[in-house]
Amino acid sequence: MADHPLLALQGVTKTYGTGDAQMHALAGINLSINPGEFVAVMGPSGSGKSTCMNILGCLDTPSGGEYRFQGVNVGGLTRNQRALLRRHYIGFVFQGFNLLNRTTALENVELPLIYRGMDTATRHRLAKAALDAVGLASRESHTPGELSGGQQQRVAIARAIVTEPALLLADEPTGNLDSKRSIEIMELLTAINRDQGITVVMVTHEPDMADYAKRIISFKDGLIESDRKLGD
Amino acid sequence: MLGNAFLLAFRALRRNAMRSVLTMLGIIIGVAAVIVVVTLGSGATRQVSQQVASLGSNLLMVSVGKRMGPGQVSGAEAFKLADAEALANDVYGLAAVAPVASGSTTAIYANENWSTNVSGTTDAFFSVSNQPVAEGRLFTASEARLGTAVCVIGQTVAAKLFGLQNPLNNRIRLQKLSCEVIGVLKAKGQSTMGTDQDDLVVVPLRTYQRRIAGNQDVNLIKISVQDGQDTEKVKHEIEGILRVRRHLANTEENNFNVMDMKEIAAMLSSTTQTMTGMLSAVGAVSLLVGGIGIMNIMLVSVTERTREIGIRLAIGALENEVLLQFLVEAVVLSSFGGLIGILLALGAAWGLSGLMQVPFVFQGGIVLTAFLFSAAVGVIFGYFPARKAARLDPIEALRHE
């Protein structure tokens, strides 16, 4: 694993539409992220950062160029192979939490483990441990409707890390939260990155939140405008 | 993988419990309708065939008048006792011939009175119409000839006039005739037409003609044909003899009618079967509508749960796993609905068969068919929505509001 970076984008482009209506969401990106990094992705809307996140998360494939995840060329994988890659290596945290409603926190966290085909006892143990790690041990039987926004995002984070992924992709995780909750979530992500060594790539609009990361990449017009490491 | 699909499907159904129940309702009603109709229909068919057996073997009914249509006759001269005797003597292959003169009369005992059908006939009547005695005795041939004042009554008349009392050796009054009850007939139940066959009083023909009717008429001749005889042939012979006796010219139509009870019974049972078939078809249509209801709900559900499907796909669910989950949801709804429908139907059919006085006939075949059909409905109508769900693009699905 040390031989190559976790993620490597080489001349990646993404085009939508055809003919005159053609639009270049990504105009040729070179980017490489190593295991254990905490990266913040910034940029105005339409700058291509969301498209880039979708490609990094293997939800989408590049139109041109090459994306390698742990050395594997994702562009050459089928839809199902990409699903398996996500199942085993990637965790997602969304701005809108995206929990299953009317479903308890425990069952929400269990969901990725069910797809991994784990037995009930292991599933319960791991899900409880993950909820404990995000500080919601006492809320496992609560449904999203009974939890605050900050708590819901913690459940979502627990769901993302319960599989111990190599990469955690967070798409504006604090976008729907007030500043106090935002700080709590950022501290949680920092701890996950530091203690479990999970690589975190996070999109954010807020410079305050980006400051928690160790590296900030700014997008503009489908290209990387700046890429700077923050000294610790 | 299937185990996971069931786990996920059950969790999803539980999340929308109310909708799940409403979706099942269509299937429940469809399955229940089919099973109730078929169960009651086969009960009715069995009842008809039992009644055919109880009619007595190879019964022919010779009645006065031309058949104008179902149940209608035009007026014509009545038979006489001599006609019946002529048939008994001249037609080969008859087991018994019973001339019957009957009318509606009020029977009176003490303070009780009951309007019933009184038949004057010979002792042959009991064997022809297959009505053995339950208590007491039947009247004899000599009593019939002499016209003594005795009578045999049906169970209904016994109950209405005597209640719990023993009717034997008591005298009841029929108009001006006072007669002694010498026997009570065995219960026979309802006829195929729905009339009570136990609501009758039987007196000797001569007694009836002299003391009640005041004429020598015979309205009906009941004939039982010997086993193994061709009833069609016997019927023709009877018609020939009666035409001569009633002086009908070759150009004239019969002014009497010979009915073969077996034909009527067969007709009734085929009518019952046709009705059952038609009602089952209606039930099957409602089952189909239930299936379309499931498809409808599943399609709505896929649209409504687009985001949820997006989440599943994003965290690594395979296309097939999503397909299977939605398919299992549909099949669970339809087959569970089928199961509830079967239980409801068996209860309803049992209750209704008691109410309608038809035997309850458990039809294992139709129950199994209905269950398999409902499960199949789930697979067929669930597949399209399930495929739609599985083929969603996770990015689009997650963006869905």
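Give me the pairs: first residue in the range B:216-229 and under 18 Å from B:Asp123 (Cα atoms) and assigned by TED's automatic domain parsing to the domain that holds B:Val100, second residue part of a loop (DSSP other than H, G, I, E, B) and among the small types (Gly, Ala, Ser), beta-carbon distance under 7 Å, and six or more apart or on different chains, which are they?
What qualifies is B:Asp217/B:Ala78; B:Val218/B:Ala78; B:Asn219/B:Ala78; B:Lys222/B:Ser129; B:Ser224/B:Gly56; B:Ser224/B:Ser57; B:Val225/B:Gly93; B:Gln226/B:Gly93.
Taking only the range B:286-296 into account, find how many residues are buried (at least 24 other Cβ atoms within 10 Å of the Cβ) and among the β-branched types (Val, Ile, Thr).
Here the count works out to 1.
With A:Ala83, A:Ala105 as the choices, which residue is surrounded by 15 or more Cβ atoms within 10 Å (Cβ to Cβ) and in contact with a His (Cβ under 8 Å, 6 or more places away or on another chain)?
A:Ala105
Filter the range B:189-228 for residues that are among the hydroxyl-bearing types (Ser, Thr, Tyr) and within 30 Å of B:Gly43 (Cβ to Cβ); which is farthest from the chain's Cα centre (by Cα)?
The qualifying residue farthest from the chain's Cα centre (by Cα) is B:Ser224.
For the condition more than 22 Å from A:Asn30 (Cα to Cα), among the aliphatic types (A, V, I, L, M) and assigned to a loop (DSSP other than H, G, I, E, B), what is the one hit in A:Leu177, A:Leu189, A:Leu131? Steps first, answer last, please.
Working: A:Leu189 fails: assigned to a loop (DSSP other than H, G, I, E, B); A:Leu131 fails: assigned to a loop (DSSP other than H, G, I, E, B).
Only one candidate passes the filter, namely A:Leu177.
Any residue at all in the range A:28-42 that is within 14 Å of chain B (Cβ to nearest Cβ) and touching a residue at least 24 places away in the same chain (Cβ under 8 Å)?
Step one: filter the range A:28-42 for residues within 14 Å of chain B (Cβ to nearest Cβ), giving none.
No: zero hits.
For the range B:126-151, which residues satisfy the criterion of being closer than 16 Å to B:Leu168 by Cβ and of a type in the set (Gly, Ala, Ser)?
Of everything in the range B:126-151, those that are closer than 16 Å to B:Leu168 by Cβ and of a type in the set (Gly, Ala, Ser) turn out to be B:Ala134, B:Gly136, B:Ala149.
Results for (1) assigned to a helix (DSSP H, G or I); (2) in contact with a helix residue (DSSP H, G or I) (Cβ under 8 Å, 6 or more places away or on another chain); (3) farther than 19 Å from B:Ser49 by Cβ, shown as yes or no for each residue.
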residue	(1), (2), (3)
B:Val234	yes, no, yes
B:Val244	yes, no, yes
B:Glu252	no, no, yes
B:Ser269	yes, yes, no
B:Thr274	yes, no, no
B:Ser286	yes, yes, yes
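Within the set of pairs 6 or more residues apart or between chains, which connect a residue that is within 14 Å of chain A (Cβ to nearest Cβ) inside the range B:6-27 to a residue that is polar (S, T, N, Q) and surrounded by fewer than 17 Cβ atoms within 10 Å (Cβ to Cβ) with Cβ atoms less than 8 Å apart?
Every condition considered, the pairs that remain are B:Arg15/A:Asn101.
If I filter the range B:257-280 for residues that are away from chain A (no Cβ under 14 Å), loosely packed, with under 15 Cβ neighbours inside 10 Å and over 28 Å from the mean Cα position of the chain (by Cα), do I get at least one hit?
The answer is no; no qualifying residue exists.
Mind checking which residues of the range A:154-173 are within 13 Å of the chain's Cα centre (by Cα) and away from chain B (no Cβ under 14 Å)?
Within the range A:154-173, A:Pro173 is the sole residue that qualifies.
Would you be able to tell me the number of residues in the range B:1-60 that are among the basic types (Lys, Arg) and either surrounded by fewer than 17 Cβ atoms within 10 Å (Cβ to Cβ) or under 21 Å from the mean Cα position of the chain (by Cα) (or both)? If you could, list the steps in order and put the result at the bottom.
Taking the range B:1-60 as the starting set, the residues that turn out to be among the basic types (Lys, Arg) are B:11, B:14-15, B:19, B:46.
Subsequent filtering for residues that are either surrounded by fewer than 17 Cβ atoms within 10 Å (Cβ to Cβ) or under 21 Å from the mean Cα position of the chain (by Cα) (or both) retains B:14, B:19, B:46.
Number of matching residues: 3.
Which pairs have Cβ atoms under 7 Å, sit 6 or more apart or on different chains, and link a residue in the range B:105-116 that is more than 8 Å from B:Ile172 (Cα to Cα) and in contact (Cβ under 8 Å) with a residue 60 or more places away in the chain to one that is part of a loop (DSSP other than H, G, I, E, B) and of a type outside the set (D, E, K, R)?
Filtered contacts from the range B:105-116: B:Thr105/B:Gln175.
Collect the residues in the range A:100-137 that are in contact with a helix residue (DSSP H, G or I) (Cβ under 7 Å, 6 or more places away or on another chain), away from every other protein chain (no Cβ under 13 Å) and within 21 Å of B:Phe10 (Cα to Cα), keeping them in residue-number order.
Those that are in contact with a helix residue (DSSP H, G or I) (Cβ under 7 Å, 6 or more places away or on another chain), away from every other protein chain (no Cβ under 13 Å) and within 21 Å of B:Phe10 (Cα to Cα): A:Ala105, A:Ala127.
Considering only the range A:153-181, state which residues are more than 12 Å from A:Ile90 (Cβ to Cβ), surrounded by fewer than 24 Cβ atoms within 10 Å (Cβ to Cβ) and without any contact (Cβ under 8 Å) to a residue 60 or more places away in the chain.
Of everything in the range A:153-181, those that are more than 12 Å from A:Ile90 (Cβ to Cβ), surrounded by fewer than 24 Cβ atoms within 10 Å (Cβ to Cβ) and without any contact (Cβ under 8 Å) to a residue 60 or more places away in the chain turn out to be A:Leu177, A:Asp178, A:Ser179, A:Lys180, A:Arg181.
I'd like the full set of residues that are farther than 17 Å from A:Asp221 by Cβ, touching a helix residue (DSSP H, G or I) at 6+ places or on another chain (Cβ under 7 Å) and not aliphatic (A, V, I, L, M), limited to the range A:35-56.
If the condition is that a residue be farther than 17 Å from A:Asp221 by Cβ, touching a helix residue (DSSP H, G or I) at 6+ places or on another chain (Cβ under 7 Å) and not aliphatic (A, V, I, L, M), then A:Phe38, A:Asn54 are the ones that fit.
Could you give me the residue pairs with C-beta distances under 8 Å whose first residue belongs to the range B:143-163 and is under 18 Å from B:Gly189 (Cβ atoms), whose second residue is part of a helix (DSSP H, G or I) wherever it lies, and which are 6+ apart or on separate chains?
What qualifies is B:Val152/B:Phe126; B:Ile153/B:Leu161.
Can you pull out the residues in the range B:277-292 that are of a type outside the set (A, V, I, L, M, F, W, C) and modelled with pLDDT of 85 or more? Before you say what the answer is, go through the steps one by one.
The first filter runs over the range B:277-292 and keeps only residues of a type outside the set (A, V, I, L, M, F, W, C), leaving B:277, B:280, B:283, B:286, B:290-291.
Listed by number, the list holds a single entry, B:Gly277.
Identify the residue in the range A:79-99 that is part of a loop (DSSP other than H, G, I, E, B) and under 15 Å from A:Met53 (Cβ atoms) and, among all such residues, is farthest from the other protein chains (Cβ to nearest Cβ). Before the answer, list the steps.
So in the range A:79-99, the residues part of a loop (DSSP other than H, G, I, E, B) come out as A:94-99.
Filter once more, keeping what is under 15 Å from A:Met53 (Cβ atoms): A:94-96, A:98.
Values: A:Phe94: 7, A:Gln95: 10, A:Gly96: 8, A:Asn98: 5 Å.
Result: A:Gln95.
Name the residues in the range A:43-72 that are touching a residue at least 40 places away in the same chain (Cβ under 8 Å) and either charged (D, E, K, R) or touching a Pro at 6+ places or on another chain (Cβ under 6 Å) (or both), would you?
Hits for the range A:43-72 are A:Lys49, A:Ile55, A:Asp60, A:Glu66, A:Arg68.
Condition (residue is in contact (Cβ under 8 Å) with a residue 12 or more places away in the chain and within 30 Å of A:Arg159 (Cβ to Cβ)) applied to the range B:291-298: is it met by at least one residue?
Applying the first criterion (in contact (Cβ under 8 Å) with a residue 12 or more places away in the chain) to the range B:291-298 yields B:291-295, B:297-298.
Those still in the list that are within 30 Å of A:Arg159 (Cβ to Cβ) too: B:297-298.
Looking for residues that are in contact (Cβ under 8 Å) with a residue 12 or more places away in the chain and within 30 Å of A:Arg159 (Cβ to Cβ), one finds at least one in the range B:291-298, hence yes.
The values are calculated or read from the model by the stated rules, or taken from the named source; none is laboratory data. Everything quoted here is computed from the prediction, not taken from an experiment. Every residue, glycine among them, receives a Cβ derived from its backbone with ideal geometry; neighbour counts consider all protein chains shown.
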